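A.B. asks: Please read through the structure below; I'll follow up with questions.
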Amino acid sequence: MTTVAKPTMKRKPPMRSPLAASPQAIELPDGMRDRILRKAFELWQERGYRDGHDLEDWLDAEAIVMEEIHEARE
């Protein structure tokens with residue numbers, strides 16, 4: 001009787017979140033992270049609570065908050 005070896009499956013390493021802390025992480029001023037978080041949540045709500053766009057929502061929220069800060073300083 002001959003046994004057939006099963007092919008070994010290669011596993012991909014788990015993907016690391018792009019928002020995970022890294023040595024190059026930028027520290028945000030007090031309160032700014034919370035403002036971005038609230039704005040990203042609002043964008044998610046406006047999108048109809050659809051998942052899969054968290055990074056896009058975060059980056060859009062970041063740009064909106066930075067623009068609000070810039071306009072307030074003028």
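The values are calculated or read from the model by the stated rules, or taken from the named source; none is laboratory data. Remember, it's a predicted structure, so these values are computed and weren't measured experimentally. Please note: Cβ atoms are built from the backbone with ideal geometry, for glycine as well, and neighbour counts cover all protein chains shown.
A.B. asks: For the range 1-41, how many residues meet the condition of being modelled with pLDDT of 65 or more, surrounded by 10 or more Cβ atoms within 10 Å (Cβ to Cβ) and more than 17 Å from ILE69 (Cβ to Cβ)?
C.D. replies: 1
A.B. asks: If you go through the range 44-72, how many residues are touching a residue at least 12 places away in the same chain (Cβ under 8 Å) and under 13 Å from the mean Cα position of the chain (by Cα)?
C.D. replies: 8
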